[in-house]
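Working notes, structure below.
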Amino acid sequence: MSERAVELEVLRYNPETDKEPHFQRYALSCPQEWVVLDVLNKIKESVDPTLSYRWSCHMAVCGSCGMMINGEPKLACKAFLRDYRGTIRVEPLRHFPIERDLVTVIDDFVAKLARVKPYLIPKEPPPEGAEYRQTPAQLKRYKQFTLCINCMLCYAACPEYGLIPKYLGPAAIALGHRWNLDSRDGGREARQEELAATEGAWECSFVGACSEVCPEHVDPAGAIQQVKIESTVDWYRAHLMPWTNKQK
Amino acid sequence: MSRAPYERPITSEWIFRHPRYLRYMVREFSCLFIGGWTLLMVWGLHQLSQGPAAWAAFLELLRSPASVGFHLLTLAFALYHSTTWFNLTPKALPVPFIAAAHYAGWAALSVVILALAL
Amino acid sequence: MARSNKPIVWGPFAAGGTLTAFLTPVLVLLTLLAALGHVPEALAYESMRAFASHWLGKLALAGVIGLSLWSAAHRLRITLYDLGVRADALVAALLYAATLACTALAIYDLLKL
């Protein structure tokens, strides 16, 4: 196993002592097969125990280690050293407040996930004493939108979320859409209050960055456009054919 | 331990942070040329309604170097708008072969219009 | 959170964007040919006049002009916001009003033909 010289430039911020974040350099020798997360772990272990960051699975399924690596939102456990030359710049995920070092405040994101009612609102109860049944085709319709690992890379990539913090955002909208597309679910109307609001799908200008950076290929951009089209059809039907509106 | 979350300021430099944002801006800027060309055609329509002399003057205006330059840019931007639009269509409407169908339709329509117009 | 009325402006934007994607390049090619000195048959005064005199021609021209302008205006509105112009309501009002005015002018001319 051969080693290579690695230099990381990490954005540090200590809320108790710092007015502003500042960069700190670390130079060490690492196996060339490593990922950035491995380097951070080695730094914390043997160079600077004060470095703070989130991580867990180290296999791109938990969504904890999202950060900006050379300006791109990436999972640190999936950022291979072999893909980088020179000094590697590591910063906390953009568009979120910095709690400390590479740890961001994610309360806004978590609250938004809850707002889209991300649970089954059954169309009807399951058959007597049995379970809901779903064909492979029905599963395929929403399967890709279930793959989200809540890593927030899409929020860091989305310029509209950066400009408009109230925006629901790619992952939350994709999650709401996932339930809307589920054949067992009858909650689309209920979710429209959030998804079809101004701060819902309508803040999206289809930059598409969210889908490009998504490590699980969820394609939130696609979900958002589908929500826009559904919401537009809803709107014109409700306004041009008011007799079809359900009584509240 | 006291919390003091730090909010990084947002500036317009996000556009230059990655080629994809620049490409997005180029796509969005196509609206200036497509819109501008349409306005030019609105003027042409107005000239058409004023009679053959006015129409001839409009064709003369089209022949100016500025107009030729504007047309070349508009054609490039219009093509970029078309290709980006068709490439994104499958995301909004996940129907099999929808992008290919759009491209085929676009080619057919363009050929028909050229055949009728030339 | 109330449902947005964005669909009023987004519907025509999507229609106009699709229309311009299919139609604008070939039309620009035609006027480019005219600009380069080779005026296509269809752009001669008599053919244009004939086309614009027919009610179908008027409908087509009004539709293409209106939707093309609207989708450009909507995109410009979004772009200005992306570039940091915060007065979205004002920008929207100005751009959509200008679009409707230019479309009205075009319809006025079409009715004269």
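Quick notes on this one:
- Using heavy atoms of the protein chains and a probe of 1.4 Å, the accessible area assigned to A:C158 is about 20 Å².
- Computed FRET value (nearest 0.05) for A:T244 with A:Y84, which takes r as the C-beta separation and R₀ as 41 Å: 0.15
- Residue order for A:E128, A:E189, A:E203 - accessible surface, 1.4 angstrom probe, largest first: A:E128, A:E189, A:E203
- Per-selection Kirkwood Rh - chain A (Cα, Å, 1 d.p.): 20.1 Å
- Angstrom value of the Kirkwood radius, inverse mean 1/r, which spans all Cα pairs in the range A:3-104: 13.6 Å
- Computed P(r) (all Cα pairs; the range A:100-148; 5 Å bins; percent): 4, 13, 14, 20, 15, 12, 8, 6, 4, 3, 1
- A:V116 contributes an accessible area of around 0 Å² to the protein surface, as traced by a 1.4 Å probe with all chains present.
- Dipole orientation for the protein assembly as shown: of the candidates A:V207, A:L181, B:S67, A:L181 has the Cα lying most toward the positive pole (charges on Cβ; Lys, Arg +1; Asp, Glu -1).
- The percentage of C-alpha pairs in chain B whose separation is greater than 17 Å is 73%.
- 10 Å Cβ neighbours from other chains, averaged over peptide B:54-64: 3
- Loop-located trypsin sites (Lys or Arg not before Pro) in the range C:58-92 (DSSP state not H, G, I, E or B) with no more than 14 neighbouring Cβ atoms inside 10 Å: C:R86.
- Charged side chains reduced to their Cβ positions (Lys and Arg at +1, Asp and Glu at -1) give the protein assembly as shown a dipole of some 640 debye around its Cα centre.
- Of the three principal axes defined by the Cα atoms of the range C:21-113, the extents in descending order read 47, 30, 20 Å.
- Where labels lie 7 Å past Cα in the beta-carbon direction, separation of B:A56 and B:V112 in nm: 3.5 nm
- Per residue solvent-accessible surface (Å²) - the range B:12-89, probe of 1.4 Å: 43 Å²
- Its Cα gyration tensor gives the protein assembly as shown an equivalent ellipsoid. The semi-axes, each the square root of 5 times an eigenvalue, are 48, 29, 20 Å from largest down.
- Other-chain or far-sequence residues with amide H under 5 Å of A:A197's (modelled H): C:S4
- Dipole-positive endmost among B:F86, B:L109, C:T79 within the protein assembly as shown (Cβ charges, Cα centre): B:L109
- Helix-only CD estimate at 222 nm, as mean residue ellipticity for chain A, using -39500 (n - 2.57) per DSSP H run (n ≥ 4): -9500 deg cm²/dmol
- Electrostatic dipole magnitude of chain B [Cβ: Lys, Arg +1; Asp, Glu -1; Cα centre; debye, to 20]: 460 debye
- Restricted to Cα atoms, the range B:1-54 shows a radius of gyration and a Dmax of 22.8, 82 angstrom.
- A:E16-B:L93 FRET efficiency (beta carbon distance; Förster radius 45 Å; 0.05 resolution): 0.30
- For the range A:124-224, the fraction of 1.4 Å probe accessible surface lying on carbon and sulfur atoms is 53 percent.
- Helical mean residue ellipticity (222 nm; -39500 (n - 2.57) per DSSP H run of 4+; nearest 500) of chain C: -28000 deg cm²/dmol
- Inter-part distance where the range A:80-128 and the range C:48-72 are each reduced to a Cα centre, Å: 48 Å
- When the Cα gyration tensor is reduced to axis lengths a ≥ b ≥ c, the ratio a/c is 1.5 or higher for the range A:107-244, and with a/b not above b/c it is classed as oblate.
- By a 1.4 Å probe calculation restricted to protein chains, C:H54 has an accessible surface near 90 Å², given to the nearest 10.
- Cysteines of chain A lacking any other cysteine Cβ under 4.7 Å from their own Cβ: A:C30, A:C65, A:C77, A:C148, A:C151, A:C158, A:C204, A:C214.
- Buried between B and C is an accessible area of approximately 4300 Å², summed over both sides with a 1.4 Å probe.
- Only the Cβ atoms of Lys and Arg (+1) and of Asp and Glu (-1) were treated as charged; on that basis the dipole of chain C about its Cα centre amounts to roughly 360 debye.
The values are calculated or read from the model by the stated rules, or taken from the named source; none is laboratory data. It should be emphasised that the depicted structure is a prediction, and the values quoted were computed from it without experimental measurement. Here the Cβ is made from the backbone with ideal geometry for all residues, glycine too, and neighbour counts use every protein chain on show. Remember, those area values only see protein heavy atoms, side chains included, never the ligands or the DNA or RNA. Shrake-Rupley method; radii C 1.70, N 1.55, O 1.52, S 1.80 Å.
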